[in-house]
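Just below is one structure, and these are the notes that go with it.
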Amino acid sequence: MLWFSLLVLIPLAAVIVQSTSIGWAGFWDVLTNPQTAAAIRLTVTQALYVTAANVVLGTLIAWVLVRDDFFGKRLLEVLIDIPFALPTIVAGLVLLSLYGPQSPLGVNVANTQKAVYLALAFVTLPFVVRTVQPVLEELDVEVEEAAASLGASRIVTFRRIILPALAPAIASGAALSFARAISEYGSLVLLSGNLAMRTEVTSVRMLTYIENGDTAAAAVVASVLLAVSFLVIVVLDIIQRRVARRG
């Protein structure tokens, strides 16, 4: 608890205290600032979109890696972990090279909200895959075969047997994905362009506040993101408990 407090609880408490140092009127003024509100709205919505996509595609990728054998499987296993190992600013440079003005693919999404989604999708891809994959490996295939022998369709087997077992892992991966997405900075700064009211995310907005010496305003934005993250984690936990119980 001492180690956890030093790393997490005390810093979080300090951020919350700092955010309230300007009073509730100042707190509300920061949140209602059009540029700050636009940054929060963009960051949260894009993080939700990316998390939803990761829940579906990440689970499918994990399923293929566990249940299927194909040429290049080991290479795919390595490639999935690249966003974990690659410095985010390098990831931003790679994405800019592939999807920027000089794109060899003919796809230019630089300085658009699509760039924000693309960058967040890149850095959060492994989370759901790596949380679901070990659980899938431990599932007993004979249980699925027994369900099939009793007349259960593949959809029923997945909904009543597989999904309840995977729900906690999917929820954990989704929570990690969302938390990483709303706090991302490095992979965004080059591709998104950080355009105010258009492609500026909260991490860039907080940096601007800090550079201007307004640490209290930066703490306000951080506190809002903390509250949103906590809410999303609670919702995911409720959903996974209901799915597991109904299974």
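Throughout, read-outs are computed from the coordinates displayed, never taken from laboratory work. Worth saying up front: this structure is predicted, and the values here are computed from it rather than measured. Cβ coordinates were reconstructed from backbone atoms using ideal geometry, including for glycine residues, and neighbour counts include every protein chain displayed.
Counting helices only, and only those DSSP H runs with n ≥ 4, report the 222 nm mean residue ellipticity of the chain as the sum of -39,500 (n - 2.57) divided by its residues, in deg cm²/dmol to the nearest 500.
That comes out to -24000 deg cm²/dmol.
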**Message:** Output wanted: per-residue J couplings in Hz (rounded whole) for region 118-123, from phi through Karplus 6.51 cos²θ - 1.76 cosθ + 1.60, θ = phi - 60°, x for Gly and Pro.
**Reply:** 4, 5, 5, 5, 5, 7
**Message:** For region 172-206 and region 47-109, what is the centre-to-centre distance using only Cα atoms, to the nearest Å?
**Reply:** 17
**Prompt:** Is any residue of region 228-247 close enough, with backbone N under 19 Å, to a label point placed 7 angstrom from the Cα of LEU139 along the Cα-Cβ axis, and if so, which?
**Reply:** 239-247
**Item:** Integer Hz, Karplus 6.51/-1.76/1.60 couplings in order for region 69-84, x for Gly and Pro
**Value:** 10, 7, 5, x, 4, 5, 5, 5, 4, 6, 5, 4, 7, 4, x, 5
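Counting only C-alpha contacts under 8 Å and six or more residues apart, can you give the relative contact order of the chain as a whole percent? All intermediate terms of the calculation are to be shown ahead of the outcome.
Values: 303 pairs, mean separation 80.7, N = 247.
With pairs under 8 Å counted, the relative contact order is 33 percent.
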**Request:** List the chymotrypsin sites (Phe, Trp or Tyr not before Pro) within region 22-109 that fall in a DSSP loop (any state other than H, G, I, E or B) and whose Cβ has at most 13 other Cβ atoms within 10 Å.
**Result:** PHE70, PHE71
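Treat every Asp and Glu Cβ in the chain as -1 and every Lys and Arg Cβ as +1, leave all other atoms uncharged, and give the resulting dipole magnitude about the Cα centre to the nearest 20 debye. Can you show the working numbers first?
On the way: 16 positive and 16 negative charges, 109 e Å.
That gives the chain a dipole magnitude of about 520 debye.
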**Request:** Using the Karplus curve 6.51 cos²θ - 1.76 cosθ + 1.60 with θ = phi - 60°, work out ³J(HN,Hα) for each residue of region 88-98 in order, rounded to whole Hz, and write x for Gly and Pro.
**Result:** 5, 5, 5, 4, x, 5, 5, 5, 5, 5, 8
